[in-house]
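> Handing you this structure, nothing more for now.
The values are calculated or read from the model by the stated rules, or taken from the named source; none is laboratory data. Keep in mind that what you see is a predicted model, and the values were worked out from it rather than measured. Cβ placement follows ideal geometry from the backbone for every residue including glycine, while neighbour counts extend to all protein chains displayed.
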Amino acid sequence: MTRFRVVSKTTRWTGHFLRVEDLEIEGPDGVTFTRAAVRHPGAVAVVPVDNDGRHVILVRQYRSAVDRELLEIPAGKRDVDGEPPEETALRELEEEIGQRAGRLVRLGSFMNSPGFTDEYTHLFCALDLEPTQHTWTGHDEEAEMTIERVAIADLDDLIANEEIIDGKTLLGLKLARPHLDGHSTSTR
C-alpha cells in the first residue's frame with residue numbers, strides 16, 4: 001500500500017497510441033507535487049528460438065528516438081482491445097518474422113521505465129517455429145526492418161560489444177537462457 005495518492009490528472013498531449021498526463025500527487029506529509037506520466041497500452045516481446053537450437057531470430061530496425069538501428073527481439077504494442085498477451089505475441093511473431101510458434105513459454109513481465117511511463121511488457125519464448133507467409137505490410141521504418149538469425153554462441157559477445165543494447169532484448173535473452181541452452185521441459 002502506498003502512502004502517496006493521485007489528487008488530479010490533466011491530459012497534456014494525446015498521440016497515435018501515447019498520452020501524456022500531468023499528475024498532482026499528495027505525499028504522506030500532505031504536500032503536493034506534480035509529475036508527468038506517459039500512458040502506454042503495453043507491449044509483448046518474444047525470443048524466437050530457431051528449430052536448430054543454435055540460433056535465435058532477431059530483427060534489426062531503425063529507432064527514431066535514438067536515431068540508429070537496433071538489433072532486437074520481435075515485439076509490439078498491445079493495441080487490440082481484449083486480446084490476451086499470448087495472442088498478441090503470436091500475432092507479432094508472424095507479422096515481424098513470418099514464423100508461428102508451436103510452443104509459447106511465458107518468461108515474465110516487467111515495467112519498462114516506471115519513472116515516467118506505465119508501459120508494461122509481457123515476455124515470451126517461442127519454440128517449435130513453423131514458417132508462415134511473411135506478408136508484412138508495414139510502412140516507415142518497419143518496412144526496412146530486417147530479420148537476422150543470430151548464433152546463440154555469439155550473443156554474449158554481441159552484448160559485451162554493445163551491439164545488443166535494447167532492454168527488452170537483454171532481459172528476454174537472459175530469461176530465455178534455459179531454453180537457449182536446451183534444458184527446458186516447459187510447454188505452452
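> Between Leu170, Leu155, Leu123, which is in the same structural domain as Tyr62 (by TED's automatic domain parsing) and assigned to a strand (DSSP E or B)?
Just a single option satisfies the conditions, and that option is Leu123.
> Taking the stretch 62-98 as the search range and keeping residues that are closer than 21 Å to Leu175 by Cα and assigned to a strand (DSSP E or B), which one is nearest to the chain's Cα centre (by Cα)?
Among residues in the stretch 62-98 that are closer than 21 Å to Leu175 by Cα and assigned to a strand (DSSP E or B), the one nearest to the chain's Cα centre (by Cα) is Ala75.
> For the stretch 62-75, what are the residues that are in contact (Cβ under 8 Å) with a residue 60 or more places away in the chain, within 21 Å of Ala151 (Cβ to Cβ) and surrounded by fewer than 17 Cβ atoms within 10 Å (Cβ to Cβ)?
If the condition is that a residue be in contact (Cβ under 8 Å) with a residue 60 or more places away in the chain, within 21 Å of Ala151 (Cβ to Cβ) and surrounded by fewer than 17 Cβ atoms within 10 Å (Cβ to Cβ), then Leu70 is the only one that fits.
> Just to be sure I understand the filter: pairs with C-beta atoms under 6 Å, separated by 6 or more residues or on different chains, first member in the stretch 4-25 and surrounded by 13 or more Cβ atoms within 10 Å (Cβ to Cβ), second member part of a strand (DSSP E or B) and of a type in the set (Phe, Trp, Tyr). Which pairs pass?
Close Cβ pairs satisfying both conditions: Val20/Trp13; Ile25/Phe33.
> Another question about this same structure. Just one of Val46, Val66 is in contact with an Asp or Glu (Cβ under 8 Å, 6 or more places away or on another chain) and either over 30 Å from Val7 (Cβ atoms) or assigned by TED's automatic domain parsing to the domain that holds Met111 (or both); which is it?
Every option except Val46 fails the conditions.
> Could you tell me whether Asp52 is assigned to a loop (DSSP other than H, G, I, E, B) and either touching a Phe, Trp or Tyr at 6+ places or on another chain (Cβ under 8 Å) or on the phi > 0 side of the Ramachandran plot (or both)?
no
Here is a yes/no grid of residues against (1) surrounded by 14 or more Cβ atoms within 10 Å (Cβ to Cβ); (2) within 14 Å of Gly42 (Cα to Cα):
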{"residue": "Lys77", "(1), (2)": "yes, yes"}
{"residue": "Val80", "(1), (2)": "no, yes"}
{"residue": "Leu90", "(1), (2)": "yes, no"}
{"residue": "Ala101", "(1), (2)": "yes, no"}
{"residue": "Leu104", "(1), (2)": "yes, no"}
